[in-house]
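J.: Dumping the structure here so I can ask a few things about it.
The values are calculated or read from the model by the stated rules, or taken from the named source; none is laboratory data. These numbers come from a predicted model, not from an experiment. Here Cβ is always computed from backbone atoms with ideal geometry, including for glycine, and neighbour counts include all displayed protein chains. Surface areas here come from the heavy atoms of the whole protein model, side chains and all, with no ligands, DNA or RNA. Shrake-Rupley method; radii C 1.70, N 1.55, O 1.52, S 1.80 Å.
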Amino acid sequence: MGVLFDGILDALKAGDLKALGGCTTRNWNDPLKTIIPWVTNRFTETIIRRAAQRLGKDFYGFLMLGGMSGGGMCMMVDPARRDAFRDDILTIMGDAKRELEDALPFAMDPVVYDFTINEAGTRADLRTGGEALMPPAYYVLHVPELARRNPAEAPWLRRIELDLAAARTGTAQERDHLLRALVANLFRVADPASQSDRVAWDRTAAAIKAANGFDPIQHEQLREDLRLGRIGLARNRLPADTDIQDVWDGDVLRYEAQGSCRALGEAALKGARVAVLSLAAGVGSRWTTGAGVIKAVNPFIYMAGKHRSFLELHLAKTGQAARRYGAPVPHLVSTSFLTHGPIEKHLALNGNYGYDGPLYLSPGRSISQRFVPMVRDLVFLWEEMPQETLDEQKQKVREAVRGALMDWARDKGEGSDYADNVPVQRFNPPGHWYEMPNLLRNGVLAAVLEAHPAVETLMLHNIDTLGADLDPVALGAHLEAGNTLTFEVTPRRIYDRGGGLARVNGRPRLLEGLAQPREEDELRLRYYNSMTTWIQIDPLLEQFGLTRADLKGPEEHIAGAVRRMARRMPTYVTIKEVKRRWGHGQEDVYPVAQVEKLWSDMTALTELRCGYLAVSRFRGQQLKDLNQLDAWANDGSKAYVMEKCGF
């Protein structure tokens, strides 16, 4: 570090830009990225590499400024090429942003600043007389509020100021813009979308339904259940007298004790009897704090010389297994209307991330239309659930807002389709239970079994369970037990919330957080659900009333089987807040109801043979939040995944 610092000082004193760029680049590549791995990302590395390729020897170096991961950067180049490079780097950044905008969050399009020295520092000019006016946007915000009061109460100086502002407005176009903005702020309307906008929205919404297997029969069943009170926020929970205890030791197989099963698992892998299903239908809003990028293709970690995404790591592990056991492994990736296009794009851009085995995308064939909430669910949410206590005045405001929202729900029709918004806000993924039924309905499982008829077992896992792989011991333990489904569970840690493995009324099953009668119940549970599941395909098809031959169609027969199975599964109702933008930047937030079914509730079916395998945290941990990343990178988990990937 001392050598670098001295080198920077010497270069500054000598005015040697090339030497300075060399020092700052070494500082960036060695100390900074070693001490703070998250100081860089794929976007930053891409534009540095492309800039250096474009300029060759005339590229002197790189300096990260105040931001991180592309927040503010300086490129040092040969002064003779500065002006041309200013345009080149803007093109380079724009191209990189368009490639990565669904994988990394961008607040804005990249820009290039042309800095000059401010000789005056911070300064201001005093305006007097007729020049003492604020910008027009200021009056657009303040005039409507003044108009709602008694105009006679406005001070004389304020009236004179407004008169001067109106008189000084420039061209007719500026006056027209000002008038339109004032009217929009003064006369706000409850339903601001134009008829043409609404028709276009409805047309797009209908296309989304058609492309994603919307089931109108099941939707009407759910609406009836919601309106009759068969499902709802209060109905999510199991009855209060449900007996919930931790599982017994004999209820769970321990991975460490299953070494004798390795040969059975290896034989299945060598016989090409196993496939992988990665669940990538969600955007992972917790991971990017609502930025709306696709978690599966987010290049979040620097490994073996490049930034790599969740999907790339999983494909690398599958490739390793295929090479080790000398047999093809079909890898399936479930998608949704939100994620299919971006995942398809990044697989094409990156050559399937180097995976040369059979790769299938499983597009969503289930989508849920959101509902206008039931007032009883809003009351339950606001009165029964824990919430912050406010002071008296704030509490009055809160109650007034809630009263207005309940009136809105009654006016729109409780349980009616939520359609008063842009199409993407009308729908929600219906829960990961549907990922397996999607395979049945979209023809992907039929295609896999036709091309690879020996496949009998499917390993299902979340995209953020990075340690999950085709482990022969885990696979052998599942096959030895003779289960239809074997769920991998992992020791619970303090931040693992949302249920776990429990004995419910004396029977082992996975308990979802939404179903817990009491919040403290999960604190007694030792094991947390990793969501990794070993599935025997034919016995599961039998539960749906189907065979391999049925997967070839007709589609309505399969849809009916899925519908009947769905009726046997618990349905959870949740209230989500959606934003509705209108006018000139105005934004309203409304509560909407959405329904979900969850995969782990398959363990509640008494006729389905399920088992549980306790695995290490390295294998079972899920990365849900960026705050977990430092610990994951330093507790051995990253090294564990790198070894599994063969990096």
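J.: Please list 3J(HN,Hα) in residue order for region 535-544, calculated via the Karplus relation 6.51 cos²θ - 1.76 cosθ + 1.60 where θ = phi - 60°; whole Hz, with x for glycine and proline.
T.: Each residue of region 535-544 in turn: 10, 8, 5, 5, x, 5, 4, 4, 5, 7 Hz.
J.: Here is a follow-up. Between Arg49 and Arg507, what FRET efficiency comes out of the Förster formula 1/(1 + (r/R0)^6) with R0 = 45 Å and r the beta carbon distance, rounded to 0.05?
T.: E between Arg507 and Arg49, to the nearest 0.05, is 0.20.
J.: Can you give the FRET efficiency for Leu157 and Arg123, using 1/(1 + (r/R0)^6), R0 = 22 Å, r = Cβ-Cβ distance, to the nearest 0.05? Walk me through the numbers before you get to the answer.
T.: Numbers: r = 26 Å, r/R0 = 1.19.
After rounding to 0.05, the efficiency reads 0.25.
J.: If you take the square roots of the eigenvalues of the alpha-carbon gyration tensor of the chain and sort them as a ≥ b ≥ c, do you get rounded (a/c under 1.5), prolate (a/b over b/c) or oblate? Write out the running numbers ahead of the final one.
T.: Values: a/c = 2.06, a/b = 1.24, b/c = 1.65.
Oblate, since a/c reaches 1.5 and b/c is not below a/b.
J.: Under 8 Å for C-alpha pairs, at least 6 residues apart: give me the relative contact order for region 245-345, rounded to a whole percent.
T.: Dividing the mean separation by the residue count of region 245-345 yields 33 percent.
J.: Still on this structure, I have one more. Take the eigenvalues of the Cα gyration tensor for region 86-131, scale each by 5, and report the square roots as semi-axes in whole Å, largest first.
T.: Ellipsoid half-lengths, sorted descending, are 37, 16, 9 Å.
J.: Continuing with this model, one more query. If you filter region 586-627 for GluC sites (Glu not before Pro), then keep DSSP loop positions with at most 12 other Cβ within 10 Å, what is left?
T.: Sites meeting the loop and neighbour criteria: Glu607.
J.: Positive end of the dipole of the chain, charges at C-beta (+1 Lys, Arg; -1 Asp, Glu), about the Cα centre: which of Met569, Leu17, Gly259 has its Cα farthest in that direction?
T.: Working it through, the farthest residue towards the positive pole turns out to be Gly259.
J.: Please go through region 85-143 and write out the GluC sites (Glu not before Pro) that DSSP classes as loop and that have at most 16 other C-beta atoms within 10 Å.
T.: For GluC sites (Glu not before Pro) across region 85-143 that sit outside H, G, I, E and B with at most 16 neighbouring Cβ atoms in 10 Å, the list reads Glu101, Glu119.
J.: Measuring with a 1.4 Å probe in the full set of protein chains, what accessible area per residue, in whole Å², belongs to region 1-45?
T.: That works out to 58 Å² per residue.
J.: Here's something else I'd like to know. Where both residues lie in the chain, what percent of DSSP beta bridges are antiparallel, nearest 5?
T.: Values: 42 of 63 bridges.
The answer is about 65 percent antiparallel.
J.: Additional query: Let me spell out the model: positive unit charges on the Cβ of Lys and Arg, negative unit charges on the Cβ of Asp and Glu, origin at the Cα centre of the chain. What dipole size does that give, in debye rounded to 20?
T.: Taking the Cα centre of the chain as origin, the dipole is about 460 debye.
J.: Give me the extension gain from Arg203 to Glu519: residue separation times 0.36 nm, minus the current Cα-Cα distance, reported in nm with one decimal.
T.: Taking Arg203 through Glu519 to full extension adds about 109.5 nm, to one decimal.
J.: Same structure again: I need the trypsin sites (Lys or Arg not before Pro) found in region 422-519, filtered to DSSP loop residues with at most 11 other beta carbons within 10 Å of theirs.
T.: Hits after loop and neighbour filter: Arg493.
J.: Still on this structure, please answer the following. Roughly how many percent of the accessible protein surface of the chain is carbon and sulfur, given a 1.4 Å probe and a whole-percent answer? Walk me through the numbers on the way to the answer.
T.: Working: 17320 of 31990 Å².
With neighbouring chains kept in place, the figure for the chain is 54 percent.
J.: Related question: At Asp176 and Leu4, where each label point lies 7 Å from the Cα along Cα→Cβ, what is the point-to-point distance in nanometres?
T.: 5.8
J.: For the chain, what is the mean residue ellipticity at 222 nm derived from helices alone (per DSSP H run of n ≥ 4: -39500 (n - 2.57); sum divided by total residues; nearest 500 deg cm²/dmol)?
T.: -12000 deg cm²/dmol
J.: I've got another one for you. Would you pull out the residues with amide H under 5 Å of Ile301's amide H, same chain only if 5 or more places away, H placed 1.01 Å from N?
T.: Arg308
J.: Could you give the dipole magnitude of region 344-407 about its Cα centre, charging the beta-carbon of Lys and Arg +1 and that of Asp and Glu -1, in debye to the nearest 20? Before the final figure, lay out the partial values.
T.: On the way: 8 positive and 10 negative charges, 55 e Å.
So the magnitude is around 260 debye.
J.: From the P(r) of region 196-317, can you give the percent of Cα pairs sitting at distances over 17 Å? Provide the component values of the computation, followed by the final result.
T.: Values: 6006 of 7381 pairs.
Everything past 17 Å amounts to 81 percent.
J.: OK, next. I'd like the Karplus ³J(HN,Hα) series for region 423-428: coefficients 6.51, -1.76, 1.60, θ = phi - 60°, whole numbers in Hz, and an x wherever there's a Gly or Pro.
T.: Each residue of region 423-428 in turn: x, 5, 7, 7, 10, 9 Hz.
J.: Can you give the extra length, in nm with one decimal, that the chain gains between Asp30 and Tyr138 once fully stretched, where that is 0.36 nm per residue apart less the Cα-Cα distance?
T.: So the extension gain works out to 34.0 nm.
J.: Taking 0.36 nm per residue of separation and subtracting the Cα-Cα distance, what length does fully extending Arg609 through Asp538 add?
T.: Separation in residues times 0.36 nm, less the Cα-Cα distance, equals 24.3 nm.
J.: Taking a 1.4 Å probe, which of Phe106, Phe487, Phe115 shows the most accessible area, and what order do the others take after it?
T.: If we order Phe106, Phe487, Phe115 from most to least accessible, we get Phe115, Phe106, Phe487.
J.: Here is a follow-up. Restricting things to alpha carbons, find the Rg to Rh ratio for region 333-476 using the Kirkwood radius for Rh. Don't skip to the end; give the middle numbers.
T.: Values: Rg = 22.4 Å, Rh = 19.7 Å.
Across region 333-476, the Cα-based Rg/Rh ratio is 1.14.
J.: Which of Asn298, His331, Asn150 sits closest to the plus end of the dipole of the chain, meaning its Cα is farthest towards the positive end, when Lys and Arg get +1 and Asp and Glu get -1 on the C-beta?
T.: Toward the positive end, the furthest listed residue is His331.
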